[in-house]
Amino acid sequence: MTTIKKAVFPVAGLGTRFLPATKAVAKEMLAIVDKPLIQYAAEEAEKAGIDTLIFVVGRTKNSIIDHFDKAYELENELALRNKDALLQIVKDTVPEGVSCVFIRQSEALGLGHAVLCAEAAVGNEPFAVILPDDLIHNEGDNCMQQMVAVYNKYQASVIGTQTVNMSESDKYGMVAGPKVEDRLAMVDEIIEKPAPEEAPSDQAVVGRYILTPAIFDILKRTERGAGGEIQLTDGIAALRKCEEVYAYSFEGTRYDCGSKMGYLQATVEFALRHEELSEKFSEYLKNL
Ligand code: UTP
(Lines give C-alpha, C1' and ligand atoms only; values in the text may rest on other atoms or scores of the structure.)
Protein backbone atom coordinates (compact mmCIF):
# COMPACT_ATOMS: atom_id res chain seq x y z
CA MET A 1 0.00 0.00 0.00
CA THR A 2 1.42 3.38 -0.99
CA THR A 3 1.09 6.34 1.30
CA ILE A 4 1.90 10.01 1.02
CA LYS A 5 5.54 11.09 1.58
CA LYS A 6 5.77 14.23 -0.61
CA ALA A 7 3.95 17.55 -0.48
CA VAL A 8 3.96 20.30 -3.09
CA PHE A 9 3.56 23.90 -1.93
CA PRO A 10 2.68 26.09 -4.92
CA VAL A 11 3.87 29.49 -3.74
CA ALA A 12 4.61 31.29 -6.99
CA GLY A 13 1.45 33.41 -7.17
CA LEU A 14 1.74 37.19 -7.29
CA GLY A 15 -0.21 37.86 -4.08
CA THR A 16 -1.76 41.00 -5.55
CA ARG A 17 -4.38 41.29 -2.81
CA PHE A 18 -1.62 42.11 -0.33
CA LEU A 19 0.26 44.72 -2.32
CA PRO A 20 2.39 46.62 -1.43
CA ALA A 21 3.31 44.13 1.36
CA THR A 22 3.97 41.45 -1.28
CA LYS A 23 5.99 43.59 -3.68
CA ALA A 24 9.32 42.13 -2.49
CA VAL A 25 8.20 39.60 0.15
CA ALA A 26 6.26 36.41 -0.53
CA LYS A 27 2.66 36.36 0.71
CA GLU A 28 3.45 33.02 2.36
CA MET A 29 6.10 34.71 4.53
CA LEU A 30 3.49 36.94 6.17
CA ALA A 31 3.35 35.90 9.81
CA ILE A 32 0.32 34.92 11.86
CA VAL A 33 1.52 36.11 15.29
CA ASP A 34 5.13 34.83 15.15
CA LYS A 35 5.20 32.15 12.45
CA PRO A 36 5.03 32.59 8.66
CA LEU A 37 2.12 30.97 6.83
CA ILE A 38 4.51 28.69 4.96
CA GLN A 39 5.77 27.21 8.21
CA TYR A 40 2.29 26.38 9.47
CA ALA A 41 1.79 24.55 6.15
CA ALA A 42 5.12 22.69 6.42
CA GLU A 43 4.32 21.60 10.00
CA GLU A 44 0.89 20.33 8.92
CA ALA A 45 2.57 18.17 6.25
CA GLU A 46 5.27 16.89 8.62
CA LYS A 47 2.65 15.84 11.19
CA ALA A 48 0.88 13.91 8.42
CA GLY A 49 4.06 11.83 7.89
CA ILE A 50 5.35 13.73 4.85
CA ASP A 51 9.16 13.93 4.65
CA THR A 52 9.80 15.75 1.35
CA LEU A 53 8.64 19.34 1.00
CA ILE A 54 8.59 20.60 -2.61
CA PHE A 55 8.21 24.36 -2.97
CA VAL A 56 7.26 25.81 -6.35
CA VAL A 57 8.53 29.35 -6.04
CA GLY A 58 8.44 32.53 -8.12
CA ARG A 59 10.68 35.51 -8.60
CA THR A 60 10.04 37.26 -5.27
CA LYS A 61 10.15 34.12 -3.15
CA ASN A 62 13.81 33.86 -2.14
CA SER A 63 12.78 34.58 1.44
CA ILE A 64 11.00 31.19 1.43
CA ILE A 65 14.22 29.43 0.35
CA ASP A 66 16.15 31.32 3.05
CA HIS A 67 13.53 30.46 5.68
CA PHE A 68 14.07 26.72 5.17
CA ASP A 69 17.86 26.99 4.88
CA LYS A 70 20.28 26.55 7.80
CA ALA A 71 20.94 29.95 9.46
CA TYR A 72 24.56 29.47 10.63
CA GLU A 73 25.24 33.00 11.89
CA LEU A 74 21.92 33.26 13.74
CA GLU A 75 22.36 29.81 15.30
CA ASN A 76 25.93 30.62 16.43
CA GLU A 77 24.83 33.94 17.87
CA LEU A 78 21.92 32.39 19.81
CA ALA A 79 24.21 29.59 21.09
CA LEU A 80 26.81 32.13 22.29
CA ARG A 81 24.09 34.01 24.18
CA ASN A 82 22.71 30.77 25.69
CA LYS A 83 19.30 31.40 24.12
CA ASP A 84 18.56 27.68 23.95
CA ALA A 85 14.80 27.88 23.48
CA LEU A 86 15.13 30.32 20.58
CA LEU A 87 17.92 28.24 19.06
CA GLN A 88 15.63 25.21 19.10
CA ILE A 89 12.83 27.20 17.40
CA VAL A 90 15.24 28.18 14.61
CA LYS A 91 16.56 24.61 14.22
CA ASP A 92 13.02 23.15 14.18
CA THR A 93 12.17 25.05 11.00
CA VAL A 94 13.25 21.90 9.16
CA PRO A 95 13.15 18.90 11.51
CA GLU A 96 15.59 15.96 11.20
CA GLY A 97 14.67 13.59 8.39
CA VAL A 98 12.75 16.22 6.39
CA SER A 99 14.19 17.49 3.11
CA CYS A 100 13.26 20.50 0.98
CA VAL A 101 13.26 20.87 -2.80
CA PHE A 102 12.83 24.23 -4.56
CA ILE A 103 11.57 24.61 -8.12
CA ARG A 104 11.07 27.84 -10.05
CA GLN A 105 7.80 28.53 -11.88
CA SER A 106 9.17 31.08 -14.32
CA GLU A 107 5.76 32.56 -15.17
CA ALA A 108 2.65 32.61 -12.97
CA LEU A 109 0.52 30.61 -15.44
CA GLY A 110 -1.83 29.25 -12.78
CA LEU A 111 -2.09 26.72 -9.97
CA GLY A 112 -2.36 23.76 -12.39
CA HIS A 113 0.85 24.85 -14.10
CA ALA A 114 2.60 25.32 -10.72
CA VAL A 115 1.71 21.74 -9.72
CA LEU A 116 2.96 20.47 -13.10
CA CYS A 117 6.32 22.20 -12.43
CA ALA A 118 6.78 19.74 -9.52
CA GLU A 119 6.49 16.63 -11.70
CA ALA A 120 10.19 15.72 -11.79
CA ALA A 121 10.50 16.09 -7.99
CA VAL A 122 7.33 14.08 -7.27
CA GLY A 123 7.91 11.26 -9.76
CA ASN A 124 5.42 8.43 -10.14
CA GLU A 125 3.78 8.46 -6.71
CA PRO A 126 0.72 10.05 -5.06
CA PHE A 127 1.43 13.39 -3.41
CA ALA A 128 -0.17 16.14 -1.35
CA VAL A 129 -0.71 19.74 -2.44
CA ILE A 130 -1.00 22.39 0.27
CA LEU A 131 -1.81 26.07 -0.35
CA PRO A 132 -0.31 27.86 2.66
CA ASP A 133 -2.68 30.82 2.45
CA ASP A 134 -5.51 28.48 3.44
CA LEU A 135 -4.57 28.15 7.11
CA ILE A 136 -6.55 25.39 8.86
CA HIS A 137 -6.76 24.99 12.62
CA ASN A 138 -7.99 21.86 14.34
CA GLU A 139 -7.48 20.66 17.91
CA GLY A 140 -7.42 16.99 16.80
CA ASP A 141 -5.78 15.52 13.69
CA ASN A 142 -4.84 18.29 11.28
CA CYS A 143 -6.44 18.56 7.84
CA MET A 144 -3.68 16.70 5.97
CA GLN A 145 -3.58 13.92 8.58
CA GLN A 146 -7.33 13.43 8.04
CA MET A 147 -6.89 13.40 4.26
CA VAL A 148 -3.97 10.95 4.34
CA ALA A 149 -6.21 8.60 6.37
CA VAL A 150 -8.85 8.85 3.61
CA TYR A 151 -6.20 8.22 0.94
CA ASN A 152 -4.88 5.20 2.82
CA LYS A 153 -8.38 3.71 2.90
CA TYR A 154 -9.44 4.41 -0.72
CA GLN A 155 -6.05 4.70 -2.54
CA ALA A 156 -7.46 7.46 -4.75
CA SER A 157 -7.23 11.24 -5.11
CA VAL A 158 -8.88 13.28 -2.34
CA ILE A 159 -9.80 16.97 -2.37
CA GLY A 160 -10.37 18.99 0.82
CA THR A 161 -13.73 20.77 0.82
CA GLN A 162 -15.80 23.07 2.96
CA THR A 163 -19.36 24.39 2.88
CA VAL A 164 -19.51 28.01 1.73
CA ASN A 165 -22.23 30.55 1.17
CA MET A 166 -23.53 30.05 -2.41
CA SER A 167 -23.03 33.76 -3.09
CA GLU A 168 -19.27 33.10 -2.83
CA SER A 169 -19.13 30.24 -5.38
CA ASP A 170 -17.32 32.42 -7.91
CA LYS A 171 -14.24 32.51 -5.64
CA TYR A 172 -13.77 28.72 -5.49
CA GLY A 173 -13.70 25.44 -7.33
CA MET A 174 -17.12 23.93 -6.51
CA VAL A 175 -17.78 20.15 -6.32
CA ALA A 176 -20.74 17.79 -6.14
CA GLY A 177 -21.29 14.03 -6.07
CA PRO A 178 -22.91 11.17 -4.16
CA LYS A 179 -22.13 10.65 -0.46
CA VAL A 180 -19.88 7.69 0.35
CA GLU A 181 -19.65 8.00 4.12
CA ASP A 182 -19.73 10.72 6.78
CA ARG A 183 -17.79 13.75 5.39
CA LEU A 184 -16.86 11.89 2.18
CA ALA A 185 -18.38 12.07 -1.31
CA MET A 186 -17.36 10.96 -4.80
CA VAL A 187 -16.59 13.85 -7.13
CA ASP A 188 -19.02 13.80 -10.07
CA GLU A 189 -18.73 17.44 -10.99
CA ILE A 190 -16.05 20.04 -10.32
CA ILE A 191 -16.12 23.55 -11.79
CA GLU A 192 -13.74 26.48 -11.26
CA LYS A 193 -15.34 29.72 -10.02
CA PRO A 194 -18.92 29.20 -11.26
CA ALA A 195 -21.57 31.91 -10.84
CA PRO A 196 -23.90 31.03 -7.92
CA GLU A 197 -26.69 29.88 -10.29
CA GLU A 198 -24.25 27.51 -12.03
CA ALA A 199 -22.60 26.05 -8.91
CA PRO A 200 -23.36 22.30 -8.55
CA SER A 201 -23.53 22.48 -4.71
CA ASP A 202 -22.32 24.59 -1.78
CA GLN A 203 -19.13 22.50 -1.38
CA ALA A 204 -15.99 24.50 -2.16
CA VAL A 205 -12.48 23.18 -2.78
CA VAL A 206 -10.00 24.68 -0.34
CA GLY A 207 -6.24 24.47 -0.53
CA ARG A 208 -5.66 20.80 0.30
CA TYR A 209 -5.36 17.96 -2.21
CA ILE A 210 -3.97 14.46 -2.46
CA LEU A 211 -3.45 13.56 -6.10
CA THR A 212 -2.31 10.51 -8.01
CA PRO A 213 0.56 11.10 -10.50
CA ALA A 214 -1.92 10.63 -13.39
CA ILE A 215 -2.68 14.33 -12.89
CA PHE A 216 0.64 15.32 -14.53
CA ASP A 217 -0.13 14.04 -18.04
CA ILE A 218 -3.58 15.59 -17.77
CA LEU A 219 -2.17 18.98 -16.73
CA LYS A 220 0.15 18.92 -19.76
CA ARG A 221 -2.97 18.85 -21.94
CA THR A 222 -5.09 21.25 -19.84
CA GLU A 223 -5.78 24.52 -21.60
CA ARG A 224 -6.05 27.92 -19.94
CA GLY A 225 -9.37 28.27 -18.12
CA ALA A 226 -10.86 30.80 -15.68
CA GLY A 227 -8.75 33.98 -15.46
CA GLY A 228 -6.61 32.81 -18.43
CA GLU A 229 -4.73 30.44 -16.07
CA ILE A 230 -4.07 26.69 -16.23
CA GLN A 231 -6.44 25.61 -13.47
CA LEU A 232 -5.84 22.62 -11.21
CA THR A 233 -9.64 22.29 -10.96
CA ASP A 234 -9.90 21.70 -14.72
CA GLY A 235 -7.18 19.05 -14.44
CA ILE A 236 -9.09 17.32 -11.63
CA ALA A 237 -12.30 17.44 -13.70
CA ALA A 238 -10.43 15.48 -16.40
CA LEU A 239 -8.79 13.15 -13.84
CA ARG A 240 -12.16 12.07 -12.42
CA LYS A 241 -13.16 10.80 -15.86
CA CYS A 242 -10.30 8.23 -15.67
CA GLU A 243 -10.11 7.53 -11.90
CA GLU A 244 -12.21 7.88 -8.77
CA VAL A 245 -11.74 11.22 -7.01
CA TYR A 246 -13.14 11.88 -3.54
CA ALA A 247 -14.20 15.10 -1.83
CA TYR A 248 -13.52 15.16 1.90
CA SER A 249 -15.19 17.75 4.09
CA PHE A 250 -12.43 18.12 6.70
CA GLU A 251 -12.84 18.96 10.39
CA GLY A 252 -11.30 22.28 11.35
CA THR A 253 -11.56 26.04 10.94
CA ARG A 254 -10.14 27.51 7.76
CA TYR A 255 -8.83 31.05 7.48
CA ASP A 256 -8.45 32.49 3.99
CA CYS A 257 -5.15 34.25 4.65
CA GLY A 258 -4.90 35.23 0.98
CA SER A 259 -7.53 37.88 1.81
CA LYS A 260 -7.05 40.73 4.26
CA MET A 261 -10.15 39.84 6.26
CA GLY A 262 -9.20 36.17 6.67
CA TYR A 263 -5.64 37.14 7.55
CA LEU A 264 -6.86 39.48 10.30
CA GLN A 265 -9.30 36.87 11.66
CA ALA A 266 -6.48 34.31 11.84
CA THR A 267 -4.19 36.82 13.55
CA VAL A 268 -6.76 37.61 16.26
CA GLU A 269 -7.79 33.99 16.88
CA PHE A 270 -4.24 32.58 16.89
CA ALA A 271 -3.18 35.38 19.27
CA LEU A 272 -6.08 34.48 21.58
CA ARG A 273 -4.85 30.85 21.57
CA HIS A 274 -1.15 31.73 21.96
CA GLU A 275 0.37 30.68 25.34
CA GLU A 276 2.33 33.89 25.83
CA LEU A 277 -0.34 36.29 24.61
CA SER A 278 -3.82 34.92 25.20
CA GLU A 279 -4.53 36.60 28.54
CA LYS A 280 -3.03 40.01 27.76
CA PHE A 281 -4.44 40.12 24.25
CA SER A 282 -7.92 39.13 25.38
CA GLU A 283 -7.80 41.87 28.03
CA TYR A 284 -6.66 44.34 25.39
CA LEU A 285 -9.56 43.41 23.07
CA LYS A 286 -12.09 43.74 25.88
CA ASN A 287 -10.88 47.27 26.61
CA LEU A 288 -10.63 48.34 22.99
P1 UTP B 1 -4.19 32.74 -5.63
O2 UTP B 1 -5.41 32.56 -6.43
O3 UTP B 1 -4.35 33.03 -4.17
O4 UTP B 1 -3.30 33.84 -6.33
O5 UTP B 1 -3.33 31.42 -5.83
P6 UTP B 1 -2.09 34.67 -5.75
O7 UTP B 1 -1.34 35.20 -6.91
O8 UTP B 1 -1.30 33.88 -4.75
O9 UTP B 1 -2.79 35.88 -4.94
P10 UTP B 1 -3.69 37.11 -5.44
O11 UTP B 1 -5.02 36.53 -5.81
O12 UTP B 1 -2.98 37.79 -6.59
O13 UTP B 1 -3.76 37.99 -4.22
C14 UTP B 1 -3.61 30.23 -5.13
C15 UTP B 1 -2.32 29.50 -4.85
O16 UTP B 1 -1.71 29.09 -6.06
C17 UTP B 1 -0.38 29.58 -6.13
C18 UTP B 1 -0.34 30.79 -5.21
O19 UTP B 1 0.97 31.03 -4.74
C20 UTP B 1 -1.31 30.34 -4.09
O21 UTP B 1 -0.65 29.48 -3.16
N22 UTP B 1 -0.07 29.92 -7.54
C23 UTP B 1 -0.98 30.59 -8.28
C24 UTP B 1 1.14 29.55 -8.08
O25 UTP B 1 2.01 28.94 -7.41
N26 UTP B 1 1.40 29.85 -9.39
C27 UTP B 1 0.49 30.51 -10.15
O28 UTP B 1 0.79 30.73 -11.34
C29 UTP B 1 -0.72 30.89 -9.59
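The values are calculated or read from the model by the stated rules, or taken from the named source; none is laboratory data. Remember, it's a predicted structure, so these values are computed and weren't measured experimentally. Neighbour counts run over all protein chains shown; Cβ positions are idealised from the backbone, glycine included.
Assorted remarks:
- Cβ pairs under 7 Å, 6+ apart, first in the range 53-70 and more than 10 Å from the ligand (Cβ to nearest atom), second hydroxyl-bearing (Ser, Thr, Tyr): His67/Thr93; Phe68/Thr93
- If only residues of the range 107-135 that are within 12 Å of the ligand (Cβ to nearest atom) and assigned to a loop (DSSP other than H, G, I, E, B) are counted, the one that is nearest to Cys257 (Cα to Cα) is Asp133.
- Cβ-Cβ contacts under 7 Å between residues 6 or more apart (or on different chains), taken from a first residue in the range 140-153 that is within 11 Å of Ile50 (Cβ to Cβ) to a second residue that is among the polar types (S, T, N, Q), are listed as Val148/Thr3.
- Phe216, sole failed condition from (1) in contact with a Ser or Thr (Cβ under 9 Å, 6 or more places away or on another chain); (2) not in a loop (DSSP other than H, G, I, E, B): (1)
- Residues within the range 236-270 that are among the hydroxyl-bearing types (Ser, Thr, Tyr) and closer than 26 Å to Thr212 by Cβ, tallied: 3
- Residues within the range 1-28 that are in a loop (DSSP other than H, G, I, E, B), in contact (Cβ under 8 Å) with a residue 60 or more places away in the chain and either within 12 Å of the ligand (Cβ to nearest atom) or of a type in the set (Ser, Thr, Tyr) (or both), tallied: 6
- Subset of the range 152-174 [under 18 Å from the mean Cα position of the chain (by Cα), buried (at least 16 other Cβ atoms within 10 Å of the Cβ) and among the hydroxyl-bearing types (Ser, Thr, Tyr)]: Ser157, Thr161, Tyr172
Conditions (1) of a type in the set (D, E, K, R); (2) out of contact with any Asp or Glu (no Cβ under 9 Å at 6 or more places or on another chain), marked per residue:
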{"position": "Gly110", "(1), (2)": "no, no"}
{"position": "Val122", "(1), (2)": "no, yes"}
{"position": "Pro126", "(1), (2)": "no, yes"}
{"position": "Val129", "(1), (2)": "no, yes"}
{"position": "Asp133", "(1), (2)": "yes, no"}
{"position": "Asn138", "(1), (2)": "no, no"}
{"position": "Asn142", "(1), (2)": "no, no"}
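- Restricted to the range 240-280, and to residues there that are assigned to a helix (DSSP H, G or I) and in contact with a Leu (Cβ under 6 Å, 6 or more places away or on another chain), the residue that is farthest from Gln155 (Cα to Cα) is Ser278.
- Residue pairs whose Cβ atoms lie under 8 Å apart, sitting 6 or more positions apart in sequence or on different chains, and linking a residue in the range 201-226 that is without any contact (Cβ under 8 Å) to a residue 12 or more places away in the chain to a partner that is buried (at least 19 other Cβ atoms within 10 Å of the Cβ) and of a type outside the set (Gly, Ala, Ser), are Glu223/Ile230; Glu223/Asp234.
- Yes/no for Pro132 being at pLDDT 95 or above, in contact with a helix residue (DSSP H, G or I) (Cβ under 6 Å, 6 or more places away or on another chain) and within 24 Å of Ser99 (Cα to Cα): yes
- Residues (closer than 24 Å to Arg224 by Cα and either acidic (Asp, Glu) or more than 14 Å from the chain's Cα centre (by Cα) (or both)) located in the range 127-151: Asp133, Asp134
- Matching residues, the range 220-235, being assigned to a helix (DSSP H, G or I) and either more than 19 Å from the chain's Cα centre (by Cα) or of a type outside the set (Gly, Ala, Ser) (or both): Lys220, Arg221, Ala226, Gly227, Gly228, Leu232, Thr233, Asp234
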